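So the structure is just underneath, and the comments pick up after that.
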Amino acid sequence: MLGLAAFTGGASAGPHERDPYESFNRKVFAFNTALDDYALRPVAVVYRDYVPDFADKAVTNFFNNLRDVPTLANEILQLKHVEAARTTARIIFNTIYGVGGLIDVGTFFELQGSKEDFGQTLNMYGVPQGPYVMLPLFGPATASDAAGKVADAFIDPLYGLTDEVKFGLAGLKAVDVRADIIPAENLVVGDRYTFVRGAYLQARDFAIMDGKVESDPFLDDDFDDELDDYE
């Protein structure tokens, strides 16, 4: 999402093997940052200040319930039958008993949510992640993740809605996500572009490997230097 890309930064210490297009990516990063500074973040601040916590939580739950649909499809494609059964139960419980997903009934019944996307499905079947890219509006991704976003969009329940409703809900989701990460802005240290790249790659590797990551790309290369400088 744009919110994750909403940080500025200068030049990094050197080339990154997973970011061969860094010069171009930084330009997109600057565009995303400007758009966030002048449009998305101000709205998110107002949203965070004036929307009651219960309503904010209900909005987040609603979009998480929608997200479970492409997750279920990708769990089936990845042959994760146990996870697919749990996600199916979550969707049923949250949609019916959770008033269309506004209440997370599934978690109450220990049906924990997960997130699988088509990019992860591609990686499971041997497609490499590819280079790191910064997408306009959507922020950091890898090549396979970017391709997966397109496929997942066709599975998203919002896809079949009218354009007015679809774009309205997409805007609300962007504001909700951006508002939720405002407190995390204080965690950024050093070069912000490098920080966001390291955080994204770590999270992506963790998701693809289902938590079984042998090396930590977040602390590899130039990111550990950023932390040393901060300390």
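Residue count for segment 104-117, restricted to those that are in contact with a helix residue (DSSP H, G or I) (Cβ under 6 Å, 6 or more places away or on another chain) and not in a loop (DSSP other than H, G, I, E, B): 2.
Condition check ((1) under 20 Å from ASP210 (Cα atoms); (2) surrounded by fewer than 16 Cβ atoms within 10 Å (Cβ to Cβ); (3) modelled with pLDDT of 95 or more; (4) in contact with a Leu (Cβ under 6 Å, 6 or more places away or on another chain)) across all residues:
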position: ASP68; (1), (2), (3), (4): yes, no, yes, no
position: LEU79; (1), (2), (3), (4): yes, yes, yes, no
position: LEU111; (1), (2), (3), (4): yes, no, no, no
position: PHE118; (1), (2), (3), (4): yes, no, yes, no
position: ALA141; (1), (2), (3), (4): yes, no, yes, yes
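The set of residues from segment 173-195 being in a helix (DSSP H, G or I), of a type outside the set (S, T, N, Q) and more than 15 Å from the chain's Cα centre (by Cα) comprises PRO183, GLU185, LEU187, ARG192, TYR193, PHE195.
Here the condition is being surrounded by 16 or more Cβ atoms within 10 Å (Cβ to Cβ) and closer than 22 Å to ARG18 by Cα; of GLY106, GLY130, GLY101, GLY126, it holds for GLY130 alone. Restricted to segment 171-186, and to residues there that are touching a residue at least 60 places away in the same chain (Cβ under 8 Å) and of a type outside the set (A, V, I, L, M), the residue that is farthest from VAL51 (Cα to Cα) is GLU185. Among the residues here, ALA147 does not qualify as under 14 Å from the mean Cα position of the chain (by Cα), within 26 Å of TYR193 (Cβ to Cβ) and surrounded by 15 or more Cβ atoms within 10 Å (Cβ to Cβ). The single condition among (1) at pLDDT 95 or above; (2) buried (at least 19 other Cβ atoms within 10 Å of the Cβ); (3) in contact with a Ser or Thr (Cβ under 8 Å, 6 or more places away or on another chain); (4) of a type in the set (Gly, Ala, Ser) that ALA30 does not satisfy is (2).
Residue-wise test of (1) part of a helix (DSSP H, G or I); (2) at negative phi; (3) β-branched (Val, Ile, Thr).
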{"site": "ALA55", "(1), (2), (3)": "yes, yes, no"}
{"site": "ASN64", "(1), (2), (3)": "yes, yes, no"}
{"site": "THR71", "(1), (2), (3)": "yes, yes, yes"}
{"site": "ALA85", "(1), (2), (3)": "yes, yes, no"}
{"site": "VAL99", "(1), (2), (3)": "no, no, yes"}
{"site": "LEU102", "(1), (2), (3)": "no, yes, no"}
{"site": "GLY130", "(1), (2), (3)": "no, no, no"}
{"site": "GLY148", "(1), (2), (3)": "yes, yes, no"}
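Could you say whether any residue in segment 108-115 is more than 26 Å from TYR47 (Cα to Cα), within 13 Å of the chain's Cα centre (by Cα) and among the basic types (Lys, Arg)? No: segment 108-115 contains no residue that is more than 26 Å from TYR47 (Cα to Cα), within 13 Å of the chain's Cα centre (by Cα) and among the basic types (Lys, Arg). Taken together, PHE93, PHE7, PHE24 contain a single residue that is within 17 Å of ARG197 (Cβ to Cβ), modelled with pLDDT of 95 or more and either out of contact with any Gly (no Cβ under 7 Å at 6 or more places or on another chain) or part of a helix (DSSP H, G or I) (or both), which is PHE24.
The values are calculated or read from the model by the stated rules, or taken from the named source; none is laboratory data. Owing to the predicted nature of the structure, the values given are computational and were not obtained by experimental measurement. As a convention, Cβ positions derive from the backbone with ideal geometry for all residues, glycine included, and neighbour counts pool all protein chains shown.
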